[in-house]
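The values are calculated or read from the model by the stated rules, or taken from the named source; none is laboratory data. Quick caveat: nothing in here was measured; it's all calculated off a predicted structure. Backbone-built Cβ (ideal geometry, glycine too); neighbour counts: all protein chains shown.
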Amino acid sequence: MNKLVKTLCLATALTGVGMSVGVAQEVKISVITPFLAAIATAEMVNSFTSEAEENGWGVNVIDTAGDMGAFASRVEDATTAGADAILLVSVDPAQIQDQVDKAKAAGIPVVTIDGAKNDATILNVTSDNYRLGTTMTEFLFDAMGGEGNIVRFFFSAHPGVRQREIALDDALKNAPGITEVANHYVQVPGQIDDSRGAMDAMLLANPGDGAINAVWAAWDEPGIGANLAIEAAGRTDIIVAGIDGNPEAIELIKACSAYIGTVRQGFGEMAIIAADQLELVFSGASVEADELYAPVQLITRESLGVTCP
């Protein structure tokens, strides 16, 4: 497709962000994340980049590899450089409130994917994370027969992941037969190795059959790390479930490992929604809402047509 040239005139009625330029120019978007090493984040960034290229937009992708100070600085850089839009991926904009406030003041629309709503942003595209947590938790508890001991792998710094944890907390209140015996705050990046080490320690502290029955992983990569530890220890009495629909997790489900289920997020769909909404903004309209959800899907051995011995 030929380069798309637009005149930017951003509506202020619903978005609270206004900007106009006197001459036509190519759209330049800064895509910034601290977590490009995460599979889900990379999928969102790559999908958005493909959509942007089809629209003829210029995209500058920046990864700060977990460095939040550098992340804040790169957002400031994008504002100073006069980006036509800033896309933040897999981060809560409240963590860099000063920077997103400055972008808004400069008339630059800020959109988040897999983030959180914020007064300084015009849109967050995500999944209903409480629903994700509820779907996975109900599946896991059912697989346990409504009783037994679980361990939790979590990362409350991410607003969406925190909603999944709240869903687990609520489910535990209504499941007297389920007990949480240990938990681990996952280190990011390096989440698979970190979770494997933590699961090794949990297994050593809970060595008997039935001491741990299941792993509740707030997203798939910690579950993958826990699964590695379970396999290495030769434990066949523990099941694992996670969230995201990570391809490696799906392969583990197919392979009849301890991993029995994941809830697939529509990461590609999130990127498409974000691009479509920015298309509206660049044409002078407003986003349809300040938060939009992509569809989710429970993936299990049964849904994959897998029969395990």
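Could you tell me whether segment 78-92 includes any residue that is of a type in the set (Gly, Ala, Ser), out of contact with any Phe, Trp or Tyr (no Cβ under 6 Å at 6 or more places or on another chain), touching a residue at least 60 places away in the same chain (Cβ under 8 Å) and closer than 17 Å to residue 32 by Cα? Steps first, answer last, please.
So in segment 78-92, the residues of a type in the set (Gly, Ala, Ser) come out as 78, 81-83, 85, 90.
Keeping just the survivors that are out of contact with any Phe, Trp or Tyr (no Cβ under 6 Å at 6 or more places or on another chain) gives 78, 81-83, 85.
From the residues that got through so far, the ones that are touching a residue at least 60 places away in the same chain (Cβ under 8 Å) too are 85.
Restricting the remaining residues to those that are closer than 17 Å to residue 32 by Cα gives 85.
Among the residues of segment 78-92, at least one is of a type in the set (Gly, Ala, Ser), out of contact with any Phe, Trp or Tyr (no Cβ under 6 Å at 6 or more places or on another chain), touching a residue at least 60 places away in the same chain (Cβ under 8 Å) and closer than 17 Å to residue 32 by Cα, which makes the answer yes.
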Flagged in segment 230-256 as in contact with a strand residue (DSSP E or B) (Cβ under 7 Å, 6 or more places away or on another chain), among the small types (Gly, Ala, Ser) and assigned to a helix (DSSP H, G or I), in numbering order, are 249
From the option list 183, 149, 227, single residue qualifying as under 28 Å from residue 267 (Cα atoms), over 18 Å from the mean Cα position of the chain (by Cα) and assigned to a strand (DSSP E or B) is 183
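For segment 203-224, give me each residue that is in a loop (DSSP other than H, G, I, E, B) and either touching a residue at least 12 places away in the same chain (Cβ under 8 Å) or not assigned by TED's automatic domain parsing to the domain that holds residue 159 (or both).
Selection gives 206, 209, 210, 211, 212, 213, 218, 219.
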Subset of segment 152-168, residues within 18 Å of residue 221 (Cβ to Cβ), over 12 Å from the mean Cα position of the chain (by Cα) and in a helix (DSSP H, G or I), comes to 165, 168
When restricted to 86, 29, the only residue among the hydrophobic types (A, V, I, L, M, F, W, C), in contact with a Ser or Thr (Cβ under 7 Å, 6 or more places away or on another chain) and more than 22 Å from residue 219 (Cα to Cα) is 86
Check your understanding: Hey, does segment 256-279 have a residue that's surrounded by fewer than 18 Cβ atoms within 10 Å (Cβ to Cβ) and among the hydroxyl-bearing types (Ser, Thr, Tyr)?
Key -> no
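Consider residue 217 carefully, then state whether it is out of contact with any Leu (no Cβ under 9 Å at 6 or more places or on another chain) and over 16 Å from residue 39 (Cβ atoms). Give the derivation first.
On the way: out of contact with any Leu (no Cβ under 9 Å at 6 or more places or on another chain): yes; over 16 Å from residue 39 (Cβ atoms): no.
The answer is no for residue 217.
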Over segment 202-243, the set of residues of a type in the set (Asp, Glu) and surrounded by fewer than 24 Cβ atoms within 10 Å (Cβ to Cβ) is 209, 231, 237
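In a helix (DSSP H, G or I) and touching a residue at least 60 places away in the same chain (Cβ under 8 Å): is that true of residue 197 in this structure?
Criteria not met by residue 197.
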Review point. Do we find a residue being out of contact with any strand residue (DSSP E or B) (no Cβ under 7 Å at 6 or more places or on another chain) and closer than 20 Å to residue 243 by Cα anywhere in segment 102-112?
Key: no
Considering only segment 156-172, I want to know if a residue exists there that is without any contact (Cβ under 8 Å) to a residue 60 or more places away in the chain, among the charged types (D, E, K, R) and either farther than 27 Å from residue 271 by Cβ or assigned by TED's automatic domain parsing to the domain that holds residue 284 (or both). yes
Any residue that is buried (at least 24 other Cβ atoms within 10 Å of the Cβ), small (Gly, Ala, Ser) and at pLDDT 95 or above - is there at least one of those in segment 123-145? yes
Here the residues within segment 163-181 that are aliphatic (A, V, I, L, M) and either touching a Leu at 6+ places or on another chain (Cβ under 7 Å) or surrounded by 19 or more Cβ atoms within 10 Å (Cβ to Cβ) (or both) are 167, 168, 178
